[in-house]
Amino acid sequence: MKKSLLVPAMLMVSVFVVGTSEYLIAGLLPQVAADLGVSVSTAGQAVTAYALGVVIGGPLVTVATVRLPRKGLALGLMLLFAAGNAVCAAAGSYEVLIVGRVVASLSHAAFLTLALMVATRVVEPQRVGTAIAAVGSGFSVATLLGVPLGVLLGEDAGWRTPFAVLAVLALAMTGLLAAVLPRQEAPATSVRDEIATVMGRRVLVVIATTAVGLAATSTVFTYLAPTLTEITGFGPAAVSTLLLVYGAGSLAGGLVAGRLADRSLGTTVRGTFAGLSVVLAVFPFAVPWAGSAVVAVLVFGLLTSATTPVLQSLVLRHAGRAPTLAVSVNVCAFNIGIAAGSALGGGLVAVDGLRWLGLAAAALSLAALAVSYAAIPRREPLTSSPA
């Protein structure tokens, strides 16, 4: 396999391992709570601790390591991730579990940023969007397969086992990355250059588009299972199948969007959010019937994952020669959007608005579309090649 294909493939698998960790514990909370002697709600703060580590620690780690050689940094971040999960697997108390989660989370945004940057450097400029989509698809596969399989393993072998497996997999990927990653020197930019880039108007607009756009998709996705159960009337087995349909759609959508972004980034960004606005607005009227619900879930999955490669490509385009911190902050914006959308959806569900989540999400998607026009003027020809 050519190195231009092998490197993104290995980075995708590494991202899959890292991505599985974030939500794995959510499916194991009752076991964790019982074993460590805390309430389920308290155990759930292990999810919050990880998210905070990503949002706060990610940019800080990125800034602190911006002048380090890329290959050594990638290996160090994977080892840090392995150490964090090993601590979780061996945790004898709730406090130690939280420490392990935070340690693992510190590598999350920084490694994803690094993986995206390394992948874009080993492919031709006209294939940057495709490379970003390939690496980012590791998260889609983590949601589709990694988290459910980890939960099943935890139910059979105890909640510590999946974390031990993740630590071992991270060590294995460290060895593989050591073998395949090319040596890449640190970017010839200073921390001041990186911060100035993030504070640029267009980069800030893209980051805002990311946060608002992900809030739109998260509003519906967080409560997709109860929607399909309570509104459509599907049983647990059918819901699990439909979530697989969603995941398959997400994987395909991200890869297709990456290719389209290589051809016309501006058109792909606008088309993605316009399409999302339509499917989200239709969602409340599609879910009461089984057939239309299946179609709506599939299209929703296709368009949701399309946001990742187009928005990251857009950040790279506007960040110019100092993109590392900008990409890291945009990764954090994804997490902020997901948290905001989940909170909004929860508030609407609390007032019996489960069926109508799509309308609120459609309004957010339209807002993201409107904001994106400030980053991509209507008449500006825009490709995904970095400036």
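Confirm whether Leu97 is surrounded by fewer than 24 Cβ atoms within 10 Å (Cβ to Cβ), touching a residue at least 40 places away in the same chain (Cβ under 8 Å), part of a helix (DSSP H, G or I) and not assigned by TED's automatic domain parsing to the domain that holds Arg263. Taking the combined requirement at face value, the residue does not satisfy it. Filter the range 45-69 down to the residues that are part of a helix (DSSP H, G or I), within 15 Å of Val331 (Cβ to Cβ) and either among the hydroxyl-bearing types (Ser, Thr, Tyr) or over 20 Å from the mean Cα position of the chain (by Cα) (or both) and list them by number. Within the range 45-69, Tyr50, Thr62, Val63 meet the criteria. When the range 269-298 is filtered for residues that are more than 26 Å from Val371 (Cβ to Cβ) and either of a type outside the set (A, V, I, L, M, F, W, C) or part of a helix (DSSP H, G or I) (or both), the ones remaining, listed by number, are Phe285, Ala286, Pro288, Ala290, Gly291, Ser292, Ala293, Val294, Val295, Val297, Leu298.
Among the residues making up the range 56-67, those that are crowded, with 16+ Cβ neighbours inside 10 Å and within 13 Å of Val103 (Cα to Cα) are Gly57, Gly58, Val61.
Residues Gly346, Gly358: which one is at pLDDT 85 or above and part of a helix (DSSP H, G or I)?
Only one candidate qualifies: Gly358.
Given the condition of a type in the set (Lys, Arg) and either under 19 Å from Ala368 (Cβ atoms) or assigned by TED's automatic domain parsing to the domain that holds Gly53 (or both), answer yes or no: does some residue in the range 315-326 qualify? Within the range 315-326, one or more residues are of a type in the set (Lys, Arg) and either under 19 Å from Ala368 (Cβ atoms) or assigned by TED's automatic domain parsing to the domain that holds Gly53 (or both). Of all the residues in the range 215-239, those that are in contact (Cβ under 8 Å) with a residue 60 or more places away in the chain and under 26 Å from the mean Cα position of the chain (by Cα) number 13.
Within the range 5-40, if we keep just the residues that are without any contact (Cβ under 8 Å) to a residue 40 or more places away in the chain and more than 24 Å from the chain's Cα centre (by Cα), the residue that is surrounded by the most Cβ atoms within 10 Å (Cβ to Cβ) turns out to be Ala33. Against the criterion of being within 20 Å of Leu149 (Cα to Cα), of a type in the set (A, V, I, L, M) and either in contact with a strand residue (DSSP E or B) (Cβ under 8 Å, 6 or more places away or on another chain) or outside any loop (DSSP other than H, G, I, E, B) (or both), Val7 does not qualify.
Of all residues in the range 341-357, those satisfying the criterion of being aliphatic (A, V, I, L, M) and under 21 Å from the mean Cα position of the chain (by Cα) are Ala343, Leu344. From the list Ser250, Ser277, Ser328, the one residue that fits, being polar (S, T, N, Q), farther than 25 Å from Tyr50 by Cα and touching a residue at least 12 places away in the same chain (Cβ under 8 Å), is Ser277.
The values are calculated or read from the model by the stated rules, or taken from the named source; none is laboratory data. The shown structure was predicted, so the numbers you read here are calculated from the model rather than taken from an experiment. All Cβ positions, even for glycine, are placed from backbone atoms using ideal geometry, and neighbour counts span all protein chains on display.
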